[in-house]
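Below: one structure, written as structure tokens.
The values are calculated or read from the model by the stated rules, or taken from the named source; none is laboratory data. No experiment lies behind these values; they were computed from the predicted model shown. Note that we place each Cβ from the backbone using ideal geometry, even for glycine, and neighbour counts take in every protein chain shown.
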């Protein structure tokens with residue numbers, strides 16, 4: 001497992017709470033969210049580890065550099081919070097960061113880039129941003145992933161427990177029936193309990209969103225789905241285990257089996 005450091009840019013006083021509270025969408029400078037334009041753009045240019053969250057449709061988009069760069073953001077208080085790095089032609093990224101910075105200030109708001117990668121840090125630095133590291137994100141190289149040897153011992157133990165309990169794992173692909181989506185909704189609601197769905201940088205359940213991705217499912221011995229996870233991609237070579245829910249009778253082996261099998 002390779003650790004890829006992610007840096008988070010914050011203005012002083014900005015806290016995670018504001019990312020998840022309810023906020024109204026803010027009209028983009030150029031146009032409203034148009035997935036018929038965005039999805040082909042991501043397929044052509046490639047996204048990043050967060051680009052699939054644009055499909056939640058709880059963000060606005062800013063098309064910088066005459067449409068060559070896509071910036072997904074949300075107005076939160078007096079800030080425009082961008083999710084991840086700008087997406088598009090690498091030669092235009094630095095100019096796009098500057099353009100969005102100028103646009104934000106022109107309407108009296110402060111631009112904030114959340115969960116950026118080290119790749120473009122020098123661009124942010126040159127534009128005057130300050131950095132605060134809050135965490136790291138693990139990346140698994142699938143061609144090197146194995147259950148063999150000493151390093152895989154714990155995973156083998158968990159997988160054996162999963163199999164002994166007669167759970168089964170499979171990946172299904174869209175389109176999905178309404179009955180299946182309703183079944184997944186029940187599981188998701190059970191998982192949430194009294195909690196409220198979040199958003200922005202945390203995926204929330206919607207039939208439209210789930211229908212866009214393959215789904216990894218864990219079923220009990222009777223064949224009933226008891227846990228699931230959407231398998232999102234960055235439109236390049238990386239897959240993310242995304243929305244993950246399970247029935248309220250939580251069994252650690254369900255999650256373990258889902259995570260492990262998803263890597264094969």
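Taking (1) surrounded by fewer than 17 Cβ atoms within 10 Å (Cβ to Cβ); (2) in contact with a strand residue (DSSP E or B) (Cβ under 9 Å, 6 or more places away or on another chain); (3) modelled with pLDDT of 90 or more; (4) part of a helix (DSSP H, G or I) in turn, residue 223 satisfies each apart from (4).
For (1) more than 29 Å from residue 50 (Cα to Cα); (2) outside the structural domain of residue 219 (by TED's automatic domain parsing); (3) not in a loop (DSSP other than H, G, I, E, B), each residue gets a yes or a no:
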{"site": "129", "(1), (2), (3)": "no, yes, no"}
{"site": "133", "(1), (2), (3)": "no, yes, yes"}
{"site": "145", "(1), (2), (3)": "no, yes, no"}
{"site": "160", "(1), (2), (3)": "yes, no, yes"}
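The single residue among 38, 76 that is surrounded by fewer than 21 Cβ atoms within 10 Å (Cβ to Cβ), closer than 22 Å to residue 241 by Cα and touching a helix residue (DSSP H, G or I) at 6+ places or on another chain (Cβ under 8 Å) turns out to be 38. Residue 101 falls short on exactly one of the conditions (1) in contact with a helix residue (DSSP H, G or I) (Cβ under 8 Å, 6 or more places away or on another chain); (2) free of Cβ contacts under 8 Å to residues at least 24 places away in the same chain; (3) outside any strand (DSSP E or B), and that condition is (2).
Restricting attention to the stretch 192-220, the residues being out of contact with any strand residue (DSSP E or B) (no Cβ under 6 Å at 6 or more places or on another chain), at pLDDT 90 or above and surrounded by fewer than 17 Cβ atoms within 10 Å (Cβ to Cβ) number 4.
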